[in-house]
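**Student:** Okay, handing you the structure first.
Values in this text are rule-based calculations from the coordinates and carry no lab data. As the structure is a prediction and not an experimental result, all values here were calculated from the model. All Cβ positions, even for glycine, are placed from backbone atoms using ideal geometry, and neighbour counts span all protein chains on display.
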Amino acid sequence: MMRLFNIAVGTLALVLLIGADWATPVHEQPNQEPALDPPKPKPQTQADMRGRVTRISAEKNELVLKDNQGKDWNFLVPKECKVFINGRQATLSDLNGDDEAVVTYQMRGLVPMVATEIRCMRP
């Protein structure tokens, strides 16, 4: 009987020592941000993609590029995107199918890849 009492007292002491932090309300814990803060935006990632132009839609501001492994990549091409052919400024509609190009793009979460610059070299 005494052994059971010792176990109960030991367990109660342990719960009181560890459980003291559990009883503190969230808003009273030091150095903790409020739970209702809006999520912070993720940084945009910029990268380059090299491949062959397979489809251009100047009306929809879209470009499809096929990489060396044969995978198609869709890019949204905003009006601010810079397009260069042989180092000279051009427009999206100036590009041809089968042009070799390097597309600099940004990833913006769930939005498709957004082209910021397209460089094409023609012979």
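**Student:** Multiply the residue separation of Asn86 and Gln106 by 0.36 nm, subtract the distance between their alpha-carbon atoms, and state the gained length in nm to one decimal.
**Tutor:** Here the answer is 4.9 nm.
**Student:** Given N residues in the stretch 48-120, what is Rg(Cα) / (2.2 N^0.38 Å)?
**Tutor:** Here the answer is 0.98, to two decimals.
**Student:** Next up: For a quick check: sort Ile56, Ile118 by the number of other beta carbons within 10 angstrom, fewest at the front.
**Tutor:** In increasing order of surrounding Cβ atoms, one gets Ile56, Ile118.
**Student:** Near the amide H of Thr116, under 5 Å away, which other amide H atoms are found, from residues 5 or more places off or on another chain, if H is placed in the peptide plane?
**Tutor:** Thr104, Tyr105, Gln106
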